[in-house]
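Everything below concerns the one structure shown next.
No value in this document is a laboratory result; all are computed from the given coordinates. Everything quoted here is computed from the prediction, not taken from an experiment. Ideal geometry is used to build each Cβ from the backbone, glycine not excepted, and the neighbour counts take in all protein chains shown.
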Amino acid sequence: MPLNTRTPHCARRSLRRTAGLSLLLATSLSLTGCLNPVSSALFQPQPLGSRPLAWAQRAPSAVVARTSDGLALTGWYWPPAAATSDVLLYLPGRAGNRDTAAQQAEPFAADGRGVLVASYRGYGDNPGKPDEKGLYLDGDAFANLVRTLHPAGRLYLFGDGLGSAVALRLAVRPEVSGTATLGAFDRFARFAPAATRAVYADAFDNVAAISQVKTPVLILHGRKDQVVPYAAAETLQRAAGGLAVLAPIAGDAYHTVDMRYVAPTVWRAFDEMGRMPTLQRSGSVSATLRK
C-alpha cells in the first residue's frame, strides 16, 4: 500500500528550490577530460549557521570520521539506547551541511534509536571539495565509524536524494543488513544532454549499484516527484532482482518529504528485515509500509 504523507509548507518551499535540478543538470555539465566529469554545480554545500541548534528530543554528539584519503569529516551521532540496538547511517542529499542534515534526520532517532548523520567533504566546515569518488570515500568513512562507535547491533543505511547513490554503494558491505532510499534517481546520465550522455554513462549509476546488493532495499518515492520521475524507482526495483520493495508515497508528496512521516515506516521495514536476512520476493515486507 502507498505511504500516505502530508507535505508541510517547508517541504513545498524545498520543492520549489529543487524543481529546477533537471534543468540545472542539463545545462551546467561541462566536459573536463576527466573520468565521470560531473559538474560541481550538482553539489550545493552550505556553510554552518551561527545560531545554536535546537533539538526536539535528545541532542546528538559531534563525531569525526577519517577518510582513506586523509580528510577529517564531522558528523552528528545519536547513540542507541542499548548496546545491541541497531544503528542507521543517514546519508544526506546534495544540499545543506551536517546541521541541516541532522535536523532532517532527527525523527529517525526517536525512541532511543541509533543514528549517525554523515556529512560530505566541502560541506559546512568540512575540508575538501565534493565529487563522486569523494562522496563514496566519505560514506565508507562514516560506515567505518559506526562500527567503531557501536560494534554490536545491525547497521542500516538511509540515502536521501543524491545520498541514495552513496547508500547503494555502501550496501554491498557485509555488515549492512538493509538499505532505504528516498527520491533516488536511476542513472545520472539520463539528466545529461543527449549529445553528452555517453560521457556520463558510468557516473552515479544506481542501477548498476543496486544490482550488486544482496540485502533488502526499501525504495521510497513520491508519485508526484517532479525532480526524479517515479519511473526511476520502478527501474531500480527491477534491477534489484527481487530484493527491493517499492513504496510509493501518495498524496501531496514530491521530491522532499518531512522525515517525521518517513522514519516510522523505515524503522518498521528495517525491523522486519532484521527478522528476515534475505527477501525471496519483492512483496515480503509490504505490510510494513502502511502508515
Q. Over the range 117-164, one equal point on each Cα, no solvent: what is log10 I(q)/I(0) by the Debye formula at q = 0.14, 0.16, 0.28 Å⁻¹?
A. -0.37, -0.48, -1.14
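Evaluate Rg over Rh across the range 104-190, taking Cα atoms for both radii and Kirkwood's formula for Rh. Please report the intermediate quantities before stating the final value.
Details: Rg = 13.2 Å, Rh = 13.8 Å.
Rg divided by Rh gives 0.96.
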(Q) Going by Cα centres, the range 91-109 and the range 181-236 are how many Å apart? (A) 21 Å
(Q) I'd like to know which of Thr235, His221, Pro248 lies farthest towards the positive end of the charge dipole of the range 214-265, counting +1 on Cβ of Lys and Arg and -1 on Cβ of Asp and Glu. (A) Thr235
(Q) Based on alpha-carbon atoms only, what is the radius of gyration of the range 204-256 relative to the globular estimate 2.2 N^0.38 Å? (A) 1.12
Q. When only C-alpha pairs under 8 Å and at least 6 residues apart count, what is the relative contact order of the range 71-126, in percent?
A. 52 percent
Q) Quick one: if you take sqrt(5λ) for each eigenvalue of the C-alpha gyration tensor of the range 51-167, what semi-axes come out, biggest first, whole angstrom? A) 21, 16, 12
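Note down the magnitude of the dipole of the range 90-152 about its Cα centre, charges +1 on Lys and Arg C-beta and -1 on Asp and Glu C-beta and zero elsewhere, to the nearest 20 debye. Walk me through the numbers before you get to the answer.
Numbers: 7 positive and 8 negative charges, 22 e Å.
Computed charge dipole of the range 90-152: roughly 100 debye.
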(Q) Run the simple label-point estimate for Ala72 and Gln57 please: 7 Å along Cα→C-beta, distance reported in nm. (A) 3.1 nm
Q: List the aspartates and glutamates whose Cα lies under 19 Å from the Cα of Lys129, skipping any in the same chain that are fewer than 8 positions away.
A: Asp69, Asp99, Asp138, Asp140
